[in-house]
1. If the Cβ limit is 7 Å and pairs must be 6+ apart or interchain, which residue in segment 302-316 that is under 13 Å from residue 326 (Cβ atoms) pairs with which residue that is part of a helix (DSSP H, G or I) and at pLDDT 95 or above?
2. Would you call residue 213 within 12 Å of the ligand (Cβ to nearest atom), in a helix (DSSP H, G or I), in contact (Cβ under 8 Å) with a residue 12 or more places away in the chain and at negative phi?
3. Filter segment 393-405 for residues that are within 27 Å of the chain's Cα centre (by Cα) and either farther than 23 Å from residue 219 by Cβ or away from the ligand (no atom under 16 Å from the Cβ) (or both) and give the result.
4. Residue by residue through segment 189-207, note down the ones that are part of a helix (DSSP H, G or I) and either within 11 Å of the ligand (Cβ to nearest atom) or within 12 Å of residue 218 (Cα to Cα) (or both).
5. It is to be established whether one or more residues within segment 94-112 are under 17 Å from the mean Cα position of the chain (by Cα), within 25 Å of residue 172 (Cα to Cα), touching a residue at least 12 places away in the same chain (Cβ under 8 Å) and crowded, with 16+ Cβ neighbours inside 10 Å.
6. Name the residues in segment 133-164 that are more than 15 Å from the chain's Cα centre (by Cα), within 16 Å of the ligand (Cβ to nearest atom) and part of a loop (DSSP other than H, G, I, E, B), would you?
7. Out of (1) modelled with pLDDT under 95; (2) crowded, with 23+ Cβ neighbours inside 10 Å, the odd one out for residue 383 is which?
8. I want to confirm something. Restricting to segment 41-79 and keeping residues that are within 15 Å of residue 113 (Cα to Cα) and surrounded by fewer than 19 Cβ atoms within 10 Å (Cβ to Cβ), which single residue is nearest to the ligand (Cβ to nearest atom)?
Ligand code: N01
C-alpha cells in the first residue's frame with residue numbers, strides 16, 4: 001500500500017514547470033488540457049511542425065479513423081461537441097488533424113506548445129525530485145512531472161532489403177508520405193497489408209497505372225461501412241451523448257460495440273451464422289467487439305468466425321488463385337483487424353496484382369523495381385506500409401534516465417516492465433499515456449487516452465494533497481502487473497500468433513514479449529480504479 005506522507009516539508013518551486021508533456025497528439029493535447037485546467041504550469045514539446053501526432057504524420061491517401069468519430073473525439077467539453085460538425089462516420093486524416101488544431105486553439109492551449117522541438121533526453125534529478133529535459137533545439141527545462149505522450153505507433157519501421165537506397169523512383173513509408181506526390185499514370189508497389197496498407201491500396205488503385213501489392217501475411221479485413229453523417233445523425237449523437245460515452249466505458253474496447261454475453265458455442269450453427277452475418281453488415285468493429293463474448297478466449301469460437309470471413313473473401317474476389325492468397329490462417333484478432341471499404345474488390349481490377357511473399361520472397365530492391373525469387377516487378381514508386389516500432393519504440397529513442405542513472409531503454413531491453421502501463425519502477429514522476437501494457441492498443445484511442453489522463457491527474461492531485469514530490473511504483477507492484485499482462489496474453493487466442501506488432505515481431509532485435517494488455521479496456525479501467533480507490537496501493541510517495 002502507499003507509504004506514509006513525508007514528515008518534512010517537500011522542496012517546492014525548484015522546477016521551472018510543473019509538467020513537461022512529450023508529444024502533441026491526442027494524448028498530449030488531452031494531458032495539456034487537463035493539467036492546464038488544474039492550474040498547473042504544463043508545456044508540450046512536439047517534434048512535428050503541427051499538433052496531431054498520428055493524424056499529423058499519417059498523410060497517405062485513404063487514411064481515416066477506425067472508430068465511429070463521435071466516440072473518438074474529446075469528451076471534456078459539451079460546447080466542443082455542439083459546435084464541431086463531423087461530416088462522415090469515419091472521417092479522413094485531414095478532417096481529424098483540423099479538429100485537433102481547432103481544440104488546441106479553442107481552449108487556448110497553443111501558447112503552451114513548442115512545435116518542431118523533439119525531446120532528446122530527460123534525466124531525473126534525485127536531489128531536487130524533478131526531471132531535467134533537453135530538446136533538439138538546445139532548450140533545457142526542469143519539471144516535476146514528465147508525461148510521455150509519445151504514442152504506441154509513432155516510429156516508422158522500414159524493412160532492410162538489399163538495394164533499397166539504389167531505387168531510382170520515389171519510395172517512402174506510409175507515415176512519412178511526402179507532400180505533392182503524384183501517382184497518376186505510375187506503376188506503384190505497396191509492401192505491407194496491415195491497416196495502413198489496406199487503406200492506401202483500396203484508395204490509390206483506381207488512380208495508378210498499375211498497382212502491385214506485396215503481401216507477407218494476409219489479414220482478416222472487415223467492412224468499415226463508412227457513410228456521410230446527416231443533420232439527424234448529429235442531433236441524435238448530441239442527444240444520446242451521455243449514454244454513448246457510458247456504453248463505451250463499459251465495453252471491452254472503449255467502442256460503441258459491446259460483446260454478446262453468450263458463448264459462441266451455446267448457440268446452434270445456424271444462429272451463429274446469422275449472428276456473424278448481422279455483425280458483418282454493421283459498421284466499424286462490430287464483428288470484433290460486438291461478437292460472442294468468448295471470441296478471443298475460445299479457439300473453437302474464433303475458428304468459426306475465421307471460417308465465416310474466409311468465405312466472404314472467396315465470394316468477393318473473382319480470381320480463385322488471388323482469393324486463396326488472401327485467406328488468412330491465424331486466429332481472428334491476433335493481428336489488428338483492418339477496416340476496409342472495397343479492399344477485396346480492388347483485386348478484381350485489371351491493373352492490380354497480388355504477390356505472395358511467402359511463395360516468392362523479395363530478394364532485393366533494384367534501381368527499377370522489386371526483384372522477388374521469381375520475377376522482377378518494374379516500379380516507379382514503392383510505398384512501405386510496413387508498420388512501426390510499436391509500443392516501446394518512441395520511448396526507447398529518448399534518452400530517459402531515472403534514479404541512479406538507470407536507462408529506460410536498457411530497463412526494457414528484455415521487454416517492458418510497468419505498473420498499469422502508466423508508471424515504471426526506478427523512474428519517479430514519469431507517467432506514460434497510452435504506452436505498453438496498457439489496454440489502449442486494442443482500444444478506441446480517444447476513450448482510453450482520456451481514462452489514462454484522468455488517472456494520472458488523480459494521482460498528481462493525490463501527491464500534491466500529501467505534499468509529496470516523488471511517486472514511484474514499488475518493485476512488487478510492477479512485477480505483479482507485468483506478470484498479469486503476460487498471463488492474460490497467454491490465456492487468450494493471442495498466444496497462438498506472435499508475429500505481429502502486439503509482440504514486437506516486426507522490429508528486428510526486439511524480444512517477442514507482449515506489449516499490450518489483452519483483457520480489454522473495461523477490466524483495465526477497473527484495475528486502475530481499484531488502485532486509486534485503495535489510496536494508490538502499489539505506489540511509494542516521498
Ligand atoms: O502496420 P502493421 P500498419 N517485408 O504492422 C508487412 C494502427 N493503424 O501501419 O504481417 C514484407 O499492422 C507486415 O507483414 P506481416 C493500427 O493499430 C490504424 O498497417 O508482419 N512485409 C504487415 O502486412 C495498426 O495495427 C489505422 O507478415 C513486411 C505490414 O507490413 C497499426 O497502426 C490505420 C515487412 C505492417 O502492418 C499499424 O498498422 C493505420 C517486410 N520486411 C494504422 N515488414 C486506423 O485506425 C512488415 N511487413 C484507420
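1. Close Cβ pairs (under 7 Å, with a partner that is part of a helix (DSSP H, G or I) and at pLDDT 95 or above) amount to 312/280; 313/323; 313/344; 314/323; 316/344; 316/345.
2. On the way: within 12 Å of the ligand (Cβ to nearest atom): yes; in a helix (DSSP H, G or I): no; in contact (Cβ under 8 Å) with a residue 12 or more places away in the chain: yes; at negative phi: yes.
No; evaluated as a whole, the condition is false for this residue.
3. Of segment 393-405, the ones within 27 Å of the chain's Cα centre (by Cα) are 393-402.
Within segment 393-405, 394, 395, 396, 397, 398, 399, 400, 401, 402 meet the criteria.
4. Just the residues of segment 189-207 that are part of a helix (DSSP H, G or I), to begin with: 195-204.
Matches in segment 189-207: 195, 196, 197, 198, 199, 200, 201.
5. yes
6. The first filter runs over segment 133-164 and keeps only residues more than 15 Å from the chain's Cα centre (by Cα), leaving 133-147, 158-164.
Filter once more, so that each one left must be within 16 Å of the ligand (Cβ to nearest atom): 158-164.
Hits for segment 133-164 are 158, 159, 160, 161, 162, 163.
7. If we test residue 383 against (1) modelled with pLDDT under 95; (2) crowded, with 23+ Cβ neighbours inside 10 Å, just (1) comes out false.
8. 48
The values are calculated or read from the model by the stated rules, or taken from the named source; none is laboratory data. Worth saying up front: this structure is predicted, and the values here are computed from it rather than measured. Glycine gets a Cβ as well: all are built from the backbone with ideal geometry, and neighbour counts include every protein chain shown.
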